[in-house]
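Remarks on the structure that follows.
The values are calculated or read from the model by the stated rules, or taken from the named source; none is laboratory data. As the structure is a computational prediction, the values presented were derived from the model and not from experiment. So basically every Cβ, Gly included, is an ideal-geometry build from the backbone, and we count neighbours across all protein chains shown.
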Amino acid sequence: MQALRLARPRLSLRPAHRAFAAAATSSPSATASAASASLEPVVPLSNVEAMWERLSPEEQSVIHQQLEEIQKRDWKTLSIDEKKAAYYVAFGPHGPRAPIHPPGTTPKIILGVTGLILAAGALFYSIRAAAPPPPRTISKEWEEAENERAIELKINPISGVSSPGYSGPGFVTHK
């Protein structure tokens, strides 16, 4: 236990934090009264939105506790700054509500996807340009010759090329 105390870094607390820490170590009944009486604003509540990210977790906790105590009063008596601070601490874009993507990410994603599509198209056409020509059996004349040979050999005489009255294309796929 002694080693843990030595390894733990010491936190330098402001006077308001010391009072809050002292109140937190005292009895539970005295904690509520001491915390509400001794919590002095570390940051003015009119400036919480601008300062919140730069505050240490201890300072954020003290402000959060202070705002909880303030909100227990009648809401009609709260100032506009106190209401704004309470709303920001509860629902502001920090912690789990922080934006996942910083501003300006959408154009980067669009440019990246467009670049990848262009690169894939260039790769496709370069491979296609280097490919050998198609085999000679893939031509309209060859497919017509296949139809004639199928008729000679009476291939599929019930519903295919050799059937009486057949009017389909047969093996011809090129137009």
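Contact map, the stretch 89-111: first residue over 17 Å from residue 55 (Cα atoms), second residue assigned to a loop (DSSP other than H, G, I, E, B), Cβ cut-off under 7 Å, separation 6 or more or different chains; pairs are 99/93.
With the condition kept exactly as written, say whether any residue in the stretch 93-115 is of a type in the set (Gly, Ala, Ser) and in contact with a Leu (Cβ under 9 Å, 6 or more places away or on another chain).
No, that holds for no residue.
Can you pull out the helices (runs of 4 or more DSSP H) entirely within the stretch 38-97 that have at least 1 residues that are modelled with pLDDT under 80? I'd like the intermediate steps shown before the answer.
Details: elements: 48-51, 57-71, 80-91.
Output list reads 48-51.
Taking the condition assigned to a loop (DSSP other than H, G, I, E, B) and not acidic (Asp, Glu), does residue 107 pass? Taking the combined requirement at face value, the residue does not satisfy it. For the stretch 163-173, the criterion of a residue being at pLDDT 90 or above, part of a helix (DSSP H, G or I) and surrounded by 11 or more Cβ atoms within 10 Å (Cβ to Cβ) is satisfied by no position.
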